[in-house]
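To start, the structure itself, in structure tokens.
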Amino acid sequence: KILIIDFGSQYTQLIARRVRELSVYCEIHPFNHLPAIDASVRGVILSGSPFSVRDAGAPRIDLSAIKGRLPLLGVCYGAQYLAQHFGGEVTPAPSREYGRAMLTVVEPDDRLMEGLPRTTQVWMSHGDTITRVPDGYRIVASTAEVHVAAYRIEGEPTWAIQFHPEVYHSTDGVQLLRNFVVGICSCAQSWTSESFVETTVRELREKIGDDKVVLGLSGGVDSTVAAVLLHRAIGENLHCIFVDSGLLRKNEFESVLDSYKGMGLNVKGVKAGDKFLGDLAGVTDPEAKRKIIGRDFVEVFNAEAQQLADVKWLAQGTIYPDVVESASVNGPAAKIKSHHNVGGLPEHMHLKVVEPLRLLFKDEVRRVGRSLGIGEELIGRHPFPGPGLAIRILGEITPERVEILQNVDKIYIDALREHGLYDQVWQAGVILLPVKSVGVMGDERTYESCVALRAVASTDGMTADWVHLPYEFLARVSNDIINKVRGVNRVVYDISSKPPATIEWE
Ligand code: XMP
């Protein structure tokens with residue numbers, strides 16, 4: 001495997017994804033919590049950082065077990081660190097270098113530069129620049145602004161680059177990373193979803209044995225894939241609980257429960273809509289809604305879990321970005337979304353936790369799901385927030401308003417599917433606004449609710465653009481909604497991107 005040492009750059013996860021895309025397994029570890037460097041580590045990458053190597057509090061590490069012994073690639077801060085701490089000089093650049101630059105390869109025979117054209121576009125993002133390299137460092141590529149854009153250290157398998165090969169704008173970045181991980185580190189390109197399934201199923205069997213496991217299904221991709229993987233490993237000893245909060249999409253509870261049963265999963269569906277809606281009555285504050293829903297989930301899940309005899313494990317669909325984020329250099333203080341994930345099971349149950357997807361990125365979870373034979377109707381689903389429609393009904397939640405939103409949402413989502421637009425959109429939904437406006441229907445004046453349609457393009461939900469849905473499509477959906485759903489007389493389309501807006505309205 002490749003070890004990526006994280007100094008806190010926003011691009012660290014992207015490096016890991018690129019390496020995984022080459023079918024090479026890698027792990028990210030914060031610089032101050034390094035694992036043992038054993039024989040499984042074939043090479044090391046040092047990430048970028050928001051710090052300058054000249055800062056007093058800049059991250060430092062002991063590289064004695066790595067440098068000169070294993071292939072090493074410093075990226076950005078990593079490159080400056082390897083220059084600064086071994087006798088070179090790093091100074092502030094006259095101006096921050098940010099954006100595209102043309103890289104000229106000056107040593108085309110260098111192994112890191114193999115197969116790259118003589119000039120290629122790269123992405124720069126740094127405030128410092130390496131002005132002098134230590135003895136024995138050879139410059140292998142430069143840009144007009146940055147003389148030391150790439151170097152290697154003679155006599156040892158160490159390279160460093162000032163630019164970011166992991167960013168899409170670095171045209172030959174993937175080739176460069178391939179040269180490092182496959183060429184220089186000799187990693188086998190065998191990390192595929194099939195190999196992951198095979199290894200994980202075997203490990204789960206060894207770890208869990210004949211114990212019973214309980215898992216909360218949400219209908220989402222992560223918990224579904226975790227369940228199917230566990231089911232393949234331990235069969236009927238996996239007990240799944242699927243809670244209907246009354247805040248799911250129309251008919252979703254029944255249809256998802258059916259597909260789960262169709263896959264052979266041992267699932268108990270629990271209808272708890274009355275409890276959730278009862279507890280939410282009169283509540284309008286978004287965070288208060290989330291807290292109530294989170295608490296209710298735990299209560300309902302616990303009550304069910306305790307009815308199962310001899311359960312030893314709690315399985316969760318945690319994925320790699322959550323793991324990395326909570327262990328990151330920026331510390332657990334770095335903001336993590338307030339998920340409702342089932343937590344806080346009663347102490348006396350003494351459950352051990354198993355998280356079979358904790359090493360995977362979202363797109364890898366999808367690929368693993370496909371190779372497990374899970375249907376596209378579950379794998380390709382848009383993300384849906386844990387608190388469900390509760391945060392899409394602005395203001396007070398009543399059973400009537402839930403029903404209105406479910407009906408509107410169904411018309412919109414069905415239409416997206418019918419028009420072949422569903423898969424082109426990362427996430428779509430409808431918001432029921434707390435405003436009424438005047439309309440006319442036939443000869444009568446109406447005074448009814450307004451709904452906002454939302455559709456965004458995104459890769460991870462962190463940033464998002466509103467999607468330019470065709471006018472004819474919007475016209476048809478608007479017409480259908482107003483004609484078919486009583487209580488709604490106006491439809492608007494949300495044309496805000498994130499940032500500065502967010503995807504949800506609450
Ligand atoms: P925002 O509105 O923050 O949403 O741009 C980003 C993504 O997160 C989802 N989201 C949530 N998911 N619990 C969840 O499990 C929540 O409380 C929550 N709030 C937002 C949202 O649907 C989008 O995919």
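The values are calculated or read from the model by the stated rules, or taken from the named source; none is laboratory data. Here the structure is a predicted model, which means the values were calculated and not measured. Every residue, glycine among them, receives a Cβ derived from its backbone with ideal geometry; neighbour counts consider all protein chains shown.
Taking the criterion of being under 29 Å from the mean Cα position of the chain (by Cα) and in a strand (DSSP E or B), would at least one residue in region 376-393 satisfy it?
Filtering region 376-393 down to residues under 29 Å from the mean Cα position of the chain (by Cα) leaves 376-393.
When the remaining residues are screened for being in a strand (DSSP E or B), the result is 393.
Yes; the residues of region 376-393 include at least one that is under 29 Å from the mean Cα position of the chain (by Cα) and in a strand (DSSP E or B).
Do we find a residue being closer than 21 Å to Gly173 by Cβ and in contact with a strand residue (DSSP E or B) (Cβ under 7 Å, 6 or more places away or on another chain) anywhere in region 48-57?
yes
Of the residues Ala475, Ala457, Ala464, which single one is aliphatic (A, V, I, L, M), within 16 Å of the ligand (Cβ to nearest atom) and surrounded by fewer than 19 Cβ atoms within 10 Å (Cβ to Cβ)?
On the way: Ala475 fails: within 16 Å of the ligand (Cβ to nearest atom); Ala464 fails: surrounded by fewer than 19 Cβ atoms within 10 Å (Cβ to Cβ).
Just one listed residue meets the conditions, Ala457.
I'm told Arg138 meets every condition in (1) more than 30 Å from Leu357 (Cα to Cα); (2) part of a loop (DSSP other than H, G, I, E, B); (3) modelled with pLDDT of 95 or more except one. Can you identify the failing condition by its number?
Arg138 satisfies every listed condition except (2).
Please list, ordered by residue number, the strands (runs of 3 or more DSSP E) wholly in region 16-86 having 3 or more residues that are within 24 Å of the chain's Cα centre (by Cα), in the same structural domain as Pro165 (by TED's automatic domain parsing) and surrounded by fewer than 23 Cβ atoms within 10 Å (Cβ to Cβ).
Details: elements: 26-30, 43-46, 72-75.
In region 16-86, the matching strands (runs of 3 or more DSSP E) lie at 26-30.
The rows are residues; the columns are (1) without any contact (Cβ under 8 Å) to a residue 12 or more places away in the chain; (2) closer than 22 Å to Gln84 by Cβ; (3) out of contact with any Leu (no Cβ under 7 Å at 6 or more places or on another chain); (4) among the small types (Gly, Ala, Ser).
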{"site": "Ala101", "(1), (2), (3), (4)": "no, yes, yes, yes"}
{"site": "Asp109", "(1), (2), (3), (4)": "yes, no, yes, no"}
{"site": "Gly115", "(1), (2), (3), (4)": "no, no, yes, yes"}
{"site": "Asp128", "(1), (2), (3), (4)": "no, yes, yes, no"}
{"site": "Thr131", "(1), (2), (3), (4)": "no, yes, yes, no"}
{"site": "Ile139", "(1), (2), (3), (4)": "no, yes, yes, no"}
{"site": "Ser142", "(1), (2), (3), (4)": "no, yes, yes, yes"}
{"site": "Val146", "(1), (2), (3), (4)": "no, yes, yes, no"}
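Return yes or no: is Leu103 in a strand (DSSP E or B), surrounded by 22 or more Cβ atoms within 10 Å (Cβ to Cβ) and aliphatic (A, V, I, L, M)?
Working: in a strand (DSSP E or B): yes; surrounded by 22 or more Cβ atoms within 10 Å (Cβ to Cβ): yes; aliphatic (A, V, I, L, M): yes.
Yes.
Please find, among Asp443, Asp414, Asp480, Asp409, the residue that is farther than 23 Å from Leu277 by Cβ, under 30 Å from the mean Cα position of the chain (by Cα) and charged (D, E, K, R). Break it down stepwise before answering.
Values: Asp443 fails: under 30 Å from the mean Cα position of the chain (by Cα); Asp480 fails: under 30 Å from the mean Cα position of the chain (by Cα); Asp409 fails: farther than 23 Å from Leu277 by Cβ.
Only one candidate passes the filter, namely Asp414.
Quick check: is even one residue across region 244-254 assigned to a helix (DSSP H, G or I) and away from the ligand (no atom under 16 Å from the Cβ)? Show your work before the answer.
The initial filter retains those residues of region 244-254 that are assigned to a helix (DSSP H, G or I), namely 252-254.
In the following step, the residues that additionally are away from the ligand (no atom under 16 Å from the Cβ) were identified as 253-254.
Yes: one or more hits.
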